[in-house]
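To start, the structure under review is shown below, and the notes come after it.
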Ligand SMILES: *Cc1c(COP(=O)(O)O)cnc(C)c1O
C-alpha cells in the first residue's frame with residue numbers, strides 16, 4: 001500500500017506532537033488542569049484570529065458553529081444578506097432559510113470573488129439587513145475573498161459582518177478586529193491541524209448586543225450559555241477534551257512560528273502549486289486565489305474521479321474532488337497546516353505522473369521544475385510573479 005499523504009483542504013494532517021497527545025488517557029474537564037488548558041487554547045485562538053473579542057469553543061464540526069452564527073443573530077422573519085459563490089457560501093443561505101430568515105441572495109459565479117461595491121449597494125437597498133454572511137476561503141473553488149474590503153463597507157452600516165473562516169483562518173491573513181468582523185467561524189480540522197470535532201466563534205461586542213436582544217431558537221448552540229461559562233473558563237457541555245489537548249499543541253506550534261510567517265508559508269506554497277499547474281497547462285478555478293488551498297480543473301476528457309483514485313492508489317496522495325457543478329471536473333489540494341515545500345513538490349510530481357500514466361500528454365518534470373523555481377527564488381529573497389489565474 002502506498003504511504004498515506006493526506007493533502008485535502010480538510011481534514012488536514014495532524015502533527016506528531018498532536019498525535020501523541022491523542023494517545024493519552026482521557027482527563028476530566030471540571031478540573032483546574034483542564035481550565036488552565038482551555039484558557040491557554042482560548043488565548044491561542046485569539047492570537048491566531050487577531051482578536052480581543054470573546055472566543056467560544058464548541059464541540060461540533062464547522063457547520064455547527066455556522067448554525068450558531070445564524071440562530072443567535074437573526075430572528076425568524078429577520079433579514080440577512082448572503083454572499084454566495086460556491087458550495088460553502090451557499091450553506092449560509094440554506095441555514096438561514098432553515099430558520100425562517102429572509103435571505104437577500106447575492107450570487108456571483110463559482111470561481112469569482114465578491115466585490116465590496118456590490119455589498120455596499122445591497123446594504124443601501126436593504127438597510128434593515130441584520131447581518132452579511134460571507135466566506136474567507138471558499139474551499140469548493142479556492143477563491144480567497146477580500147474580507148478587508150467587505151469589512152470597510154459593512155462597518156458603517158447597521159449590519160453585522162459574519163465570516164466563515166472555517167478553512168481559511170490559520171492559512172490566510174485574517175484580522176478579525178481590524179477588519180470589522182463581528183462573528184468569525186473557524187473549524188479545528190483545516191488550517192489548525194487538529195482532527196475534526198471542534199469549532200470556534202469570535203464574537204464582537206456589537207454581535208453580543210444583538211444576541212441578547214433576540215429570541216434564539218437554540219439550546220446546545222445558545223451562545224449566551226457559552227459566554228456565561230467563559231468566566232471559568234468552562235464550556236456549558238462536555239467538550240471534546242482530547243481534541244482540546246491536541247489543539248493546544250497546534251496553537252503552540254503556530255505561536256512558535258509566528259502567525260504572519262504561517263500565512264507567508266501558505267502563500268508561498270500556493271504560488272508554487274499554481275506555477276506547477278500553469279506549467280502543466282492546467283487551469284485554476286479561482287480568479288482570486290486563496291492562500292490555503294487550490295482548486296484545479298482536470299484536463300478536458302479526463303475522468304476527475306478516476307484521476308483522484310489513481311493518485312491515491314499509486315502514490316497515497318489524497319486530494320479532494322469537486323463539489324456541486326464541479327464534481328468530477330476538478331481536484332482540490334491543500335497548502336496549509338503542516339505541509340511543506342517537499343510535500344508540495346511530491347504532490348506536483350504525483351499529479352504529473354498520474355496524468356502521464358493515464359495517457360495525457362505531459363512533459364514530465366515541467367510542473368515540478370516550475371514549482372521548485374518558486375521556492376528557489378523565495379529562498380533567494382526574490383518574489384516570483386506567478387500571477388493569480
Ligand atoms: C470545511 C468547511 C465547512 C464545513 O465544515 P464542517 O466541519 O464540515 O462542518 C464550511 N465552510 C468552509 C469554508 C469549509 O472549508
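The values are calculated or read from the model by the stated rules, or taken from the named source; none is laboratory data. For clarity, every value in this text was computed on a predicted model and none was experimentally measured. Please note: Cβ atoms are built from the backbone with ideal geometry, for glycine as well, and neighbour counts cover all protein chains shown.
What to note about this one:
- Residue that is nearest to residue 19 (Cα to Cα) [pool: residues in segment 217-232 that are surrounded by fewer than 18 Cβ atoms within 10 Å (Cβ to Cβ) and touching a helix residue (DSSP H, G or I) at 6+ places or on another chain (Cβ under 6 Å)]: 232
- If the condition is being closer than 20 Å to residue 106 by Cβ, more than 12 Å from the ligand (Cβ to nearest atom) and assigned to a helix (DSSP H, G or I), then segment 42-88 contributes only 70.
- Reported count of residues in segment 105-126, each being over 20 Å from the mean Cα position of the chain (by Cα) and either surrounded by 18 or more Cβ atoms within 10 Å (Cβ to Cβ) or not assigned by TED's automatic domain parsing to the domain that holds residue 175 (or both), is 5.
- Condition met for residue 3 (more than 15 Å from residue 247 (Cα to Cα), surrounded by fewer than 21 Cβ atoms within 10 Å (Cβ to Cβ) and more than 16 Å from the ligand (Cβ to nearest atom)): yes
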